[in-house]
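Colleague: Next up is a structure, given as structure tokens.
No value in this document is a laboratory result; all are computed from the given coordinates. Model, not experiment: these values are computed from the prediction. Cβ atoms come from the backbone with ideal geometry, glycine included; neighbour counts cover every protein chain shown.
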Amino acid sequence: MKNTALTDIHIKAGAKMVPFAGYNMPVQYAGINAEHETVRNGVGVFDVSHMGEFILKGEHALDLIQRVTSNDAAKLYDGKVQYSCLPNKDGGIVDDLLVYRIDEKTYMLVVNASNIEKDWNWISGFNTFGVDMKNISDRTSLLAIQGPKAAEALQSLTDIDLASMEYYTFKKGKFAGVDNVVVSATGYTGAGGFEIYFNNEHAVQIWDAIFKAGEPFGIKPIGLGARDTLRLEMGFCLYGNDIDDTTSPLEAGLGWVTKFNKEFTNSAALQQQKQEGVKRKLVGFEMIDRGIPRHDYPIVDAEGNSIGKVTSGTQSPTLQKAIGMGYVKTEFSKEGAEIYILIRNNKIKARVVKPPFNK
């Protein structure tokens with residue numbers, strides 16, 4: 001089991017630690033609901049240093065990225081971030097990721113913790129361009145400071161004007177006395193905020209500085225449990241749950257990051273799928289009757305015929321109702337359609353809604 005540079009701090013803070021993607025990670029401190037509320041209404045800090053970071057450098061770095069990702073990375077400019085995915089050869093997804101353009105010949109890819117080795121091998125397999133690839137995951141720490149008060153809470157630590165940063169852009173600069181920190185206006189909570197990347201050796205110094213600066217704003221440490229409820233309220237996909245090697249980006253509603261103005265892995269087959277239409281779709285739903293949907297619960301129609309399965313589900317702390325996502329046959333994917341979740345062999349009524357659940 002790997003630790004992050006901050007594991008001891010989490011344990012001292014009373015975090016409940018769990019194994020996640022090969023790492024010893026904090027799932028909660030004060031409780032998932034309380035932490036969820038802290039991020040929605042104030043500011044909280046997640047240690048997400050288990051995520052993977054690759055640097056791609058060279059004359060043809062963009063060519064390699066264009067070859068393996070579905071989105072059009074040619075649209076990036078220095079300091080811009082893009083959400084994308086790595087399609088496989090069978091119509092599924094190797095991983096979803098962020099692409100950072102540092103300069104014309106240098107990019108950073110941020111990938112999911114459970115897929116670091118898989119993604120590295122996949123991208124390397126297409127590197128016939130002589131691109132210099134470095135896996136800096138093990139030496140890089142990543143903190144997500146999320147919530148409407150994030151910019152205010154962090155501003156005293158940096159000269160970068162945080163409030164004026166546009167969503168999905170980043171800057172490199174001094175942060176908490178440390179040079180060369182990447183400050184990115186990104187995050188997977190829908191609550192606003194920043195993600196900051198730096199070398200492990202500065203982790204404790206930066207963590208302590210953030211909590212000192214954020215104290216007047218009620219800043220709190222937040223675990224992975226609340227990260228999951230926050231992202232689900234926004235309808236954001238989680239790799240391994242809502243998307244995987246068997247789900248097409250078009251089925252998953254990721255057509256907006258699947259651009260057919262270039263060739264990429266399996267692009268011809270995906271374009272054909274777009275023209276013919278998909279047979280199943282990832283939808284959001286809210287429970288009408290009482291019951292909490294969970295991963296892999298069957299979804300059925302009024303007669304009890306199987307029409308799909310749940311990929312993510314929870315009791316939404318913000319909405320105070322049970323919500324979920326799942327794949328259903330396309331004819332049941334329209335907004336307002338009534339579907340049923342099988343919970344302990346009981347048909348529990350739900351309604352298809354368009355994410356985000358938290359409007």
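Colleague: Run lengths n ≥ 4 of DSSP H only: what is the helix-derived mean residue ellipticity at 222 nm for the chain, with -39500 (n - 2.57) per run over all residues, to the nearest 500?
Modeller: One gets -5500 deg cm²/dmol as the mean residue ellipticity at 222 nm.
Colleague: Starting from the amide H of GLY235, placed 1.01 Å from N in the peptide plane, find each other amide H under 5 Å away whose residue is 5 or more places distant or on another chain.
Modeller: Amide H neighbours of GLY235, under 5 Å, 5+ apart: PHE357.
Colleague: Taking every eigenvalue of the Cα gyration tensor of the stretch 196-237, multiplying by 5 and rooting it, what semi-axes result, largest first, whole Å?
Modeller: 25, 15, 8
Colleague: Can I ask one more? At a 10 angstrom cut-off on C-beta neighbours, averaged per residue, how do the peptides 294-305, 71-82 rank from highest to lowest?
Modeller: My ranking of the peptides, most packed first, is 71-82, 294-305.
Colleague: Using the Cα centre of the chain as origin and beta-carbon charges of +1 (Lys, Arg) and -1 (Asp, Glu), tell me which of ASN41, ALA322, MET165 is placed farthest towards the positive end of the dipole.
Modeller: So the residue we want is ALA322.
Colleague: Here is a follow-up. Give the long-range amide H neighbours of THR4: residues separated by 5 or more places, or on another chain, with amide H under 5 Å away, using H modelled in the peptide plane at 1.01 Å from N.
Modeller: The list, which skips near neighbours in sequence, is ASN24.
Colleague: Here's another thing I want to ask about it. Sum up the charges of everything whose Cβ sits under 9 Å from the Cβ of ARG280, counting Lys and Arg as +1 and Asp and Glu as -1, but leave ARG280 out.
Modeller: +2
Colleague: How much net charge surrounds ILE343 when only other residues with a Cβ under 12 Å from its Cβ are counted (Lys, Arg +1; Asp, Glu -1)?
Modeller: Net charge in that neighbourhood comes out at +3.
Colleague: Out of the GluC sites (Glu not before Pro) in the stretch 207-281, which ones are loop residues according to DSSP with at most 14 other C-beta atoms within 10 Å?
Modeller: Those that pass, being in a loop and sparsely packed, are GLU263.
Colleague: Quick one: dipole size for the stretch 1-141, taken about the Cα centre, charges +1 on Lys/Arg Cβ and -1 on Asp/Glu Cβ, in debye to the nearest 20.
Modeller: 160
Colleague: For the residues SER248, SER267, SER164, SER156, what sequence is obtained by ranking on other C-beta atoms within 10 Å, fewest first?
Modeller: Going from sparsest to densest Cβ surroundings: SER164, SER156, SER267, SER248.
Colleague: Which value, in debye to the nearest 20, gives the size of the charge dipole of the chain about its Cα centre, when Lys and Arg are +1 and Asp and Glu are -1 at the Cβ?
Modeller: 780
Colleague: Now for a different question. So I have (1) 32, 26, 21; (2) 28, 25, 23; (3) 33, 28, 17, and one of them is semi-axes √(5λ) of the Cα gyration tensor in Å calculated from this model. Which one is it?
Modeller: Entry (3).
Colleague: Relative contact order (percent) for the chain, with alpha-carbon contacts under 8 angstrom and 6 or more residues of separation?
Modeller: 18 percent.
Colleague: Let me ask another. Mind sorting PHE129, PHE46, PHE357 by how few other Cβ atoms lie within 10 Å of their own Cβ, fewest first?
Modeller: Taking fewest neighbouring Cβ atoms as first place, the list is PHE129, PHE357, PHE46.
Colleague: Read phi for every residue in the stretch 92-98 and hand back ³J(HN,Hα) as whole Hz from Karplus 6.51 cos²θ - 1.76 cosθ + 1.60, θ = phi - 60°, with x for Gly and Pro.
Modeller: x, 10, 5, 5, 9, 7, 10
Colleague: Moving on. Apply the a/c threshold of 1.5 to the C-alpha gyration tensor of the stretch 101-161 and tell me whether it is rounded, prolate or oblate.
Modeller: It comes out prolate by the Cα gyration axes.
Colleague: Oh, and also: Using a 10 Å cut-off around each Cβ, can you sort VAL111, VAL131 from fewest to most neighbouring Cβ atoms?
Modeller: VAL131, VAL111
Colleague: Place a +1 charge on the Cβ of each Lys and Arg in the stretch 63-185 and a -1 charge on the Cβ of each Asp and Glu, then give the dipole magnitude about the Cα centre in debye, rounded to the nearest 20.
Modeller: It comes to approximately 40 debye.
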